[in-house]
Amino acid sequence: MKLFIDDANLEAIKEINEYYPVDGVTTNPSILAKAKRDPRETLKAIREIIGEDKIIFAQAVDLTYEGMLKDAHMIIDLLGKNTIVKIPSTPVGFKAMMALKKEGIPTCGTVVYTPMQAYLAAKAGASYVAPYVNRIDNMGYDGVEIVKKIQNILDNNGMECEVLAASFKNSQQVLELAEYGVGGATCSADVIKAFVKNLAIDGAVQDFVNDFEALTGKTAMSALGE
Ligand code: E4P
């Protein structure tokens, strides 16, 4: 399962990108709004932090077909290779996905609440589909189960499209999808950190150092000298 950070906070991205094995960064207009600066500057800064080999997702904001294409071209011009343009999974969005596919611009069908929406986005040529786990849970349905259903639809129809599960509020939701083998997940820095936020882990790591220090008076193997 690919793992992305769903954030536009540059400090958080720097930290997660340095210490955790993430595949890139996802954003949406609301996330960019939280950074309170020109979104183009934020996106460029994110690209600089993660480098050109990792993936960045940026969303087309215009809701018209022509506007989506213009936004998509601008995003690609701004961020270069390994950029995925998020397009809402609506009828206008499907039309844009089909056109962008023909141009060779990769898209992610976003704002996915139902398996049928995901199916249509994948069929329209989206490279990813992004179901919103926590928002689906909040509507009284089971977000994790819906993501599994979407993964099955993609697999059973041989569709060249990956799941990018999004909108997580806890690491258990992500773990269950990793166990199922979904294509990818994108989470806030806090949820990623929660994967290893565990006093048992911290205690065990420190115990090893304490025992070594009790034996040698040193806290590193290299400190013992040649
Ligand atoms: C990703 O595609 C979504 O934009 C994002 O994860 C939604 O998360 P939220 O429900 O926490 O806003």
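The values are calculated or read from the model by the stated rules, or taken from the named source; none is laboratory data. Since we're looking at a predicted model, the values are computed, not measured. We place every Cβ from the backbone using ideal geometry, glycine too, and count neighbours over all the protein chains shown.
Exactly one residue among T186, T110 is under 23 Å from T90 (Cα atoms), in contact with an Asp or Glu (Cβ under 7 Å, 6 or more places away or on another chain) and within 16 Å of the ligand (Cβ to nearest atom), and that residue is T186. Residues that are under 14 Å from the mean Cα position of the chain (by Cα) and either in contact (Cβ under 8 Å) with a residue 40 or more places away in the chain or buried (at least 20 other Cβ atoms within 10 Å of the Cβ) (or both) within segment 23-40 comprise D23, G24, V25, T26, T27, N28, listed in sequence order. Being under 18 Å from E160 (Cβ atoms) and either under 21 Å from the mean Cα position of the chain (by Cα) or within 14 Å of the ligand (Cβ to nearest atom) (or both) holds for only one residue in V85, V61, and it is V85.
On the stretch given as segment 176-193, residues that are part of a helix (DSSP H, G or I) and within 24 Å of T27 (Cβ to Cβ) total 7.
If you take the residues of segment 1-54 that are outside any helix (DSSP H, G or I) and of a type in the set (G, A, S), which of them is nearest to V147 (Cα to Cα)? So the residue we want is G24. Of everything in segment 145-170 that is within 16 Å of the chain's Cα centre (by Cα) and more than 16 Å from Q117 (Cβ to Cβ), the residue that is farthest from the ligand (Cβ to nearest atom) is N170.
Can you find a residue that is within 17 Å of the chain's Cα centre (by Cα), outside any loop (DSSP other than H, G, I, E, B), modelled with pLDDT of 95 or more and farther than 25 Å from A12 by Cα anywhere in segment 194-213? For segment 194-213, residues within 17 Å of the chain's Cα centre (by Cα), outside any loop (DSSP other than H, G, I, E, B), modelled with pLDDT of 95 or more and farther than 25 Å from A12 by Cα: absent.
For A58, indicate whether it is part of a strand (DSSP E or B), of a type in the set (A, V, I, L, M, F, W, C) and closer than 17 Å to S127 by Cα. Answer is yes for this residue. Beta carbons closer than 6 Å, at least 6 apart along the sequence or on distinct chains, never pair a first residue in segment 122-148 that is outside the structural domain of V112 (by TED's automatic domain parsing) with a second that is in a strand (DSSP E or B).
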